[in-house]
Structure formats: structure tokens, C-alpha cells
1. By the gyration tensor of its Cα atoms, with a ≥ b ≥ c the square roots of the eigenvalues, what is the shape of segment 84-153: rounded for a/c under 1.5, prolate for a/b over b/c, or oblate?
2. By its C-alpha gyration tensor, with a ≥ b ≥ c as the square roots of the eigenvalues, how is segment 44-170 shaped: rounded for a/c under 1.5, else prolate for a/b larger than b/c, else oblate?
3. For segment 131-172, which GluC sites (Glu not before Pro) are both in a DSSP coil and crowded by at most 12 other Cβ atoms within 10 Å?
Amino acid sequence: MLAVKPPAALVDGASMRTRHPTRALLVGLLVLFLLAGCGTKLSAPELDARLARVSQTATPRQAIRRVFPIHAQTKMEAWVLQTEAKSTPESSPLSLELADGFRLGRLRRIDYIVGGPFPDLSDRLVLNGLLLNESGALPGLRIILVSPAAPTAELRQAAQARRVRIEHRPLD
């Protein structure tokens, strides 16, 4: 009778031992890189300080100034907030807070310095704030968007439709 070795017995045990530590090292490095890429390089106090600096260097006019930092701890948190704001703007707390603040632009001059390290999230929240004020123009409102990317065409159109002045300052 012929003895046939099962496939597991054909593999050299020594080579398996050297592969596992290498594989474990590669998996560990991959996890480390993913975690490093998920965290934001800008803490909440640093973002507050940068927005305050932009607020002080903005062209002065007799207006109320409000600073509205949009901070997320990770890219995943920013994505969740953006998805929430995109799918149901009327129930997004950040969108509602901006919309309420923007409403003052009907009666008074108000400067909103809004921004954060995630440009898509900042853009979406400001857009929602404008769209939720659908009842009329906001001629006293000026929005200074502090973001790594310029405002999208959709945001610029919404601002123009409501007679809002929007300016961009890069977040460095």
C-alpha cells in the first residue's frame, strides 16, 4: 500500500515559522500606517488659534464676528459627519447651528470665520447652512472659509443666490 502524505505535511515547518513573524510585522506596520493616516494633524486648540488669527487679519468692517471651528478627531469621524450632513441636512446639528447663525445676516452685518482641516466637511456644512436659509437673502453675511481647498462651485452659487460674500483663506 502506498502512503500518501497530506498537503499540510508537504510544507516545511521551518519556512512556516519564518513567514509568520514577517507577516505579523507587515500587518503591524500596515495598521500603524493606517492609524497614522486616520488622525488629524491639527488639534482642536490649534484649529481655534488659527481661526482666531484669520479673524483678526480679515478686512475689518463694523460687524459681529463669530468663529466656528469644524474639527474632527479622525478622517473617519469627518466622513461620518459629512455623510450625515449630506443625507439629512435638516437633522445635522452642525448644519443647523450654522444655519441659525447665518440667519442673523438678514438684519445685521456678521462675519463668520468657518473652517477646519477637512475641506469636504467644511464645504458641506457651510452649504447646508446656506441652503437651510431658503427663505431669503442674507446681505449682511460674510463667510470666510478657512480650508485647505477652495470652496466648490456649488457653495459659491448658493452664496451668490443668497447675496452672501464668501472668501477663502488657506489653512496652512
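1. oblate
2. Oblate.
3. For GluC sites (Glu not before Pro) across segment 131-172 that sit outside H, G, I, E and B with at most 12 neighbouring Cβ atoms in 10 Å, the list reads 134.
Read-outs: derived from the displayed coordinates by stated rules, not from any lab. Predicted, not measured: the structure shown is a model, and the values here were computed from it. Glycine gets a Cβ as well: all are built from the backbone with ideal geometry, and neighbour counts include every protein chain shown.
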